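One structure below.
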């Protein structure tokens, strides 16, 4: 390490404190349940002009404005760890900047026996 390199930066590991600072030390967003990895996130077409939003939150908003994205796609495109993206998205949900469409849970899907009976009934027509 050279004398001009800050103490909080490791050449091999990169920034050591930045991710912690982005989420204010939180592992979960306040008041929001954990986001499913396949939940679809959509933002309004206008980026809010809010000086209180961090550059990372603005980046997430811009990613979601182009088209609805899954949480995993957002994390991949933003080059941020999934845990950080979940916390930041939770903050944006709480502020009303984005909406979430959660995937259908397997327990909410129709029973396969019922679907088979419907299919058999359609074939009988």
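The values are calculated or read from the model by the stated rules, or taken from the named source; none is laboratory data. Computed from a predicted structure; not experimentally measured. So basically every Cβ, Gly included, is an ideal-geometry build from the backbone, and we count neighbours across all protein chains shown.
Check every one of the helices (runs of 4 or more DSSP H) wholly within the range 51-125 and list those with 2 or more residues that are under 22 Å from residue 38 (Cα atoms) and at pLDDT below 85.
82-95
With respect to residue 42, determine if the residue is modelled with pLDDT under 90, touching a helix residue (DSSP H, G or I) at 6+ places or on another chain (Cβ under 9 Å) and part of a loop (DSSP other than H, G, I, E, B). So that I can check it myself, show each step before the final result.
Numbers: modelled with pLDDT under 90: yes; touching a helix residue (DSSP H, G or I) at 6+ places or on another chain (Cβ under 9 Å): yes; part of a loop (DSSP other than H, G, I, E, B): no.
It is false that residue 42 is modelled with pLDDT under 90, touching a helix residue (DSSP H, G or I) at 6+ places or on another chain (Cβ under 9 Å) and part of a loop (DSSP other than H, G, I, E, B).
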